[in-house]
4 protein chains.
Amino acid sequence: MIRMTAADLDAFLHREFPQIDRQGYRVELVRDRFARVRMAFHADHLRPGGTVSGPSLMSLADTAMYVVVLAMVGEVPLAVTTNLNINFMRRPQPVDVIADARLLKLGKRLAVGDVAMYSDGDPEMVAHATLTYSIPERR
Amino acid sequence: MIRMTAADLDAFLHREFPQIDRQGYRVELVRDRFARVRMAFHADHLRPGGTVSGPSLMSLADTAMYVVVLAMVGEVPLAVTTNLNINFMRRPQPVDVIADARLLKLGKRLAVGDVAMYSDGDPEMVAHATLTYSIPERR
Amino acid sequence: MIRMTAADLDAFLHREFPQIDRQGYRVELVRDRFARVRMAFHADHLRPGGTVSGPSLMSLADTAMYVVVLAMVGEVPLAVTTNLNINFMRRPQPVDVIADARLLKLGKRLAVGDVAMYSDGDPEMVAHATLTYSIPERR
Amino acid sequence: MIRMTAADLDAFLHREFPQIDRQGYRVELVRDRFARVRMAFHADHLRPGGTVSGPSLMSLADTAMYVVVLAMVGEVPLAVTTNLNINFMRRPQPVDVIADARLLKLGKRLAVGDVAMYSDGDPEMVAHATLTYSIPERR
């Protein structure tokens, strides 16, 4: 079922998207239609007030969804996000953020999933996103 | 925690929104920050091709979210949906639809939740919605 | 450019979706990548408090987007909504609702558009929706 | 009507959000319920393939909406995004991106707007976002 392990995905991301090294992302866990990505806390993600910024959470959601798609489909560097919807619910704490991505549909053309984000160690969601990915035709 | 039972909510909906009787909704289950609503299958929900229509699923998501808000907050007839985002993922079967609504945040002014919808008896989601409700100031 | 006129579209909708007659929809205007649909006010759309219901506005947005896709693509009865996002901004008045649908992208596989909705005679938007349609492969 | 000019807003953003200097944002134009923000093209926004990344567009949409809210409300550093929905429609070109933000509703508690984004010099939208901002109570 799973075509790439967490270690494969980590290596792929850091090779293909070197700017991700600066974001401090790490793929922690991959299971059937599920992936967990950790974003290490660091000063670049901060907003005034000491909280993790909204754009940092949006980037993280986008990456976590990409990871779960790749895990199930294999290396498809051209898959693109077509829609992202995010609700910001609580002020994140100044700690790592954990993103749990779940694939809700994996069709031939579109993948749909959602991503629940948490401040590390706190069970209340800080943000929730749903995303659609367009999958290129396979030859 | 729960301020209205499934039976209370069923009675409230049918009294306040008599048009819901025509939709065939029934509140089946209420737990902490969770509610399940069933939409009985009938011909008014149909699209050509024999499937349940998108607008029927949107109405159901809206009602299920309202139910879980009421369950936690009590009778607040003036709460209003401010945002709804829905992804349609699979063609529903011509059977009842089950909507599982989960409250992700219950703030003083806004409630955020998501609703997973299934054709009765089939574990794959047919649609997934996230909603925001504005809660009127409490006196 | 335009493959179906407002009159063609009106006839098509009422033939293919007879339940729409009960909703009181009328295609008023079609231009390049634009369509206007009017929803006649009637009691079925009401919520307590005398306002047009959220689900009525969602159905209207869905239909208006379908109309503008059909206008540009021709009769494609199998096109399906894959995503709808709607913000409810003002309480609609107990009058007709006007929906102005604009096609933002018409690709081979996906069409994206937005729909601005107004109470007839009032320039302030009551609701705004964005939608994605999946277009079946053309043989 | 307008409480802050483009120059005021530019100075405010660069003082309060110094990381924005690295993003290359500039407030170009402010009118009643409208603001235009330019994102200068530079290598940090790139994805493999030479296109501007999705997260860069999401950050830009978020900033442009914040700018139009500030323009109408005045300095409210605590206003927060509660919902963002974005459709990515065309691959951006490797040039500046122009974001046109329009305020659709400015209520006491919530502001709703949309943002149209273009590659500089090209009339076709590359992305379209709708956002909701929560406005803190004014004392």
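The values are calculated or read from the model by the stated rules, or taken from the named source; none is laboratory data. Since the structure is predicted, the reported quantities are computational estimates derived from the model, not experimental observations. Cβ atoms come from the backbone with ideal geometry, glycine included; neighbour counts cover every protein chain shown.
Worth a mention:
- Verdict on C:D114 being free of Cβ contacts under 8 Å to residues at least 24 places away in the same chain, under 14 Å from the mean Cα position of the chain (by Cα) and either closer than 30 Å to A:L104 by Cα or surrounded by fewer than 24 Cβ atoms within 10 Å (Cβ to Cβ) (or both): yes
- Residue selection: D:A71 fails the criterion of being under 20 Å from D:H42 (Cα atoms), of a type outside the set (D, E), more than 12 Å from every other protein chain (Cβ to nearest Cβ) and buried (at least 24 other Cβ atoms within 10 Å of the Cβ).
- In the set (1) at pLDDT 95 or above; (2) over 21 Å from D:L104 (Cα atoms), the condition left unmet by C:V76 is number (1).
- Unmet criterion (only one of (1) away from every other protein chain (no Cβ under 12 Å); (2) surrounded by fewer than 20 Cβ atoms within 10 Å (Cβ to Cβ); (3) not hydrophobic (A, V, I, L, M, F, W, C)) for D:S119: (2)
- Taken over the stretch A:29-66, the residue count meeting the criterion of being more than 13 Å from chain D (Cβ to nearest Cβ) and modelled with pLDDT of 95 or more is 10.
- Among residues of the stretch A:18-28, those that are free of Cβ contacts under 8 Å to residues at least 24 places away in the same chain and within 14 Å of chain D (Cβ to nearest Cβ), counted: 4
- Residues of the stretch A:84-111 satisfying the condition of being among the hydrophobic types (A, V, I, L, M, F, W, C), more than 7 Å from every other protein chain (Cβ to nearest Cβ), out of contact with any Phe, Trp or Tyr (no Cβ under 7 Å at 6 or more places or on another chain) and farther than 21 Å from A:Y25 by Cα: A:L106
- Scan of the stretch C:81-139 for residues that are small (G, A, S), modelled with pLDDT under 95 and either within 22 Å of D:Y133 (Cα to Cα) or in a strand (DSSP E or B) (or both), ordered by number: C:S134
- Among the residues of the stretch A:11-32, those that are closer than 14 Å to A:V69 by Cα and crowded, with 19+ Cβ neighbours inside 10 Å comprise A:L13, A:V27, A:V30.
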